[in-house]
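Before any comments, here is the structure.
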Amino acid sequence: MRLFVERETDPQETRAPMLPADVRGLVELGAQVEVETGIGQSINIPDMEYEKAGAQVSRDRRASLSNAEMVLRMSVPSSEEIQCLSQGCIHISCMAPFNNAKVVRELAAGKVSGISLEMVPRTTIAQKMDVLSSQANLAGYVAVILAAERQGIIFPMMMTPAGTIQPARVFVIGAGVAGLQAIATAKRLGARVDAFDVRPEARDQILSLGAKPLKVDLGETDRTKHGYAKKLTDEQLQKQRQAMAKQCAQSDVLITTAKVFGRKAPQIVTNEMLDGMKPGSVVVDLAIETGGNVEASELGKEIEREGVTIIGLPQLQRRVPLAASRMFSSNLFNFVSHFWDKETRRFVLKTDDQIIQDCLITHEGRIVNTVVKAAIK
Ligand code: NAD
């Protein structure tokens, strides 16, 4: 089976979709792998390393796309790229299908089987292919490192002959994958950490990392069948803000990660709450790409408001490109190998498998994913 791994075209992208070790893995499965020249340039891996792993290096993207039976890449394909794909080609990437209706329709029209990795279910068996988790984990880590760098104080307690420095106080809102990693990283640096999540089961996870769960009584909070939090009512959100204002005011660092799948992020931290924070405090809004949790945060910007630094930079995992590429590459390899038939040496698109059912967006000329279809109508 002919696989083509495409180099990312977004100038902001620092990651590579696949590393030579995983190319070797695919070649050992019996795949013919082609990679686009310069694929590992941003992480200092030359084409030669991919050749050593058994890949052909392509210098003609259009020809490689037309020839491929499967295309692997990190993000959304352009219209021109989709036009190059042959009918029946399997295209695997992060497609952000809810925000890219045009791409979804074009893939369907081109009879391409479009797989969106963000839609892989959050189940135990699919954990190894879960790009949302692997990348969110790193974003949570980077958020803390960035905040520590911007803060004028240090995170650990220090008792020295010159006096005692109290540990920094960090407050994390949303204890999913990114939030839990932010808590763990801040704890490792010695901060005193408080955290909150609307999902009651997050309480034990917060405690297990040595942080203190903030008590807020919001009444019943709902979840989707995949374990994602559902949108709070306006009344619940107002209660949450009131309960958190004091905690924000006491914190040196606030990291927000609260998201609601397929929807705009809830606005939790109002300007009034920011007004109550100490000058010199740092806020990192990890939900910025879906609208942000902080009223004043701006996408792609780091701003200062009354002495409080508010960081709204997207895709923080791009700041640790080697680690992020390694994880993404491994997720891609695990996805392909999970459905690989060693005898026929081909990927089998098992449309009756739960993982495929959740992440296959277009197939045989149709939008087959009902959730996406309903959302982009
Ligand atoms: P996410 O990025 O969608 O959201 C981040 C967190 O924000 C979630 O924990 C959510 O509960 C929380 N949140 C939403 N609204 C909030 C509010 N108003 N206030 C405070 N917090 C709020 O979540 P995620 O990190 O992708 O995780 C989603 C779910 O999937 C979680 O239940 C997680 O445990 C689960 N998960 C399971 C697996 C697996 O079993 N393989 C892997 C990863 C995640």
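The values are calculated or read from the model by the stated rules, or taken from the named source; none is laboratory data. Keep in mind that this is a model prediction, so the values were computed, not measured. Glycine also receives a Cβ, built like all others from the backbone with ideal geometry; neighbour counts cover every protein chain displayed.
Per-structure values
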read-out	value
Matching residues in region 48-85 - criterion: being surrounded by 19 or more Cβ atoms within 10 Å (Cβ to Cβ) and farther than 22 Å from Asn334 by Cβ	Ser58, Ser64, Leu65, Glu81, Ile82, Cys84, Leu85
Yes/no for Gly110 being assigned by TED's automatic domain parsing to the domain that holds Ser78, crowded, with 24+ Cβ neighbours inside 10 Å, small (Gly, Ala, Ser) and more than 16 Å from the ligand (Cβ to nearest atom)	no
Residue count for region 283-322, restricted to those that are away from the ligand (no atom under 16 Å from the Cβ), charged (D, E, K, R) and either outside the structural domain of Lys264 (by TED's automatic domain parsing) or within 19 Å of Ala136 (Cα to Cα) (or both)	2
Given (1) out of contact with any Phe, Trp or Tyr (no Cβ under 6 Å at 6 or more places or on another chain); (2) under 30 Å from Ala375 (Cβ atoms); (3) hydrophobic (A, V, I, L, M, F, W, C), index of the condition Met48 fails	(2)
Extreme residue, farthest from the ligand (Cβ to nearest atom), among residues of region 230-246 that are in a helix (DSSP H, G or I) and of a type in the set (D, E, K, R)	Lys246
Residues of region 198-226 classified as of a type in the set (Asp, Glu) and over 15 Å from Gln236 (Cα atoms), total	2
Conditions (1) in a helix (DSSP H, G or I); (2) not assigned by TED's automatic domain parsing to the domain that holds Val198; number of the one not met by Met273	(2)
Residue in region 247-254 that is more than 8 Å from the ligand (Cβ to nearest atom), in contact with a Phe, Trp or Tyr (Cβ under 6 Å, 6 or more places away or on another chain) and in a loop (DSSP other than H, G, I, E, B) present	yes
Test: residue in region 166-174 that is in contact with a Lys or Arg (Cβ under 8 Å, 6 or more places away or on another chain) and under 18 Å from Ser208 (Cβ atoms)	yes
Residue ID - surrounded by the fewest Cβ atoms within 10 Å (Cβ to Cβ), chosen from residues in region 216-229 that are more than 8 Å from the ligand (Cβ to nearest atom) and touching a residue at least 12 places away in the same chain (Cβ under 8 Å)	Asp217
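Residue-wise test of (1) β-branched (Val, Ile, Thr); (2) modelled with pLDDT of 95 or more.
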| site | (1), (2) |
| --- | --- |
| Ala211 | no, yes |
| Leu237 | no, no |
| Ala243 | no, no |
| Leu254 | no, yes |
| Lys264 | no, no |
| Val269 | yes, yes |
| Ala287 | no, yes |
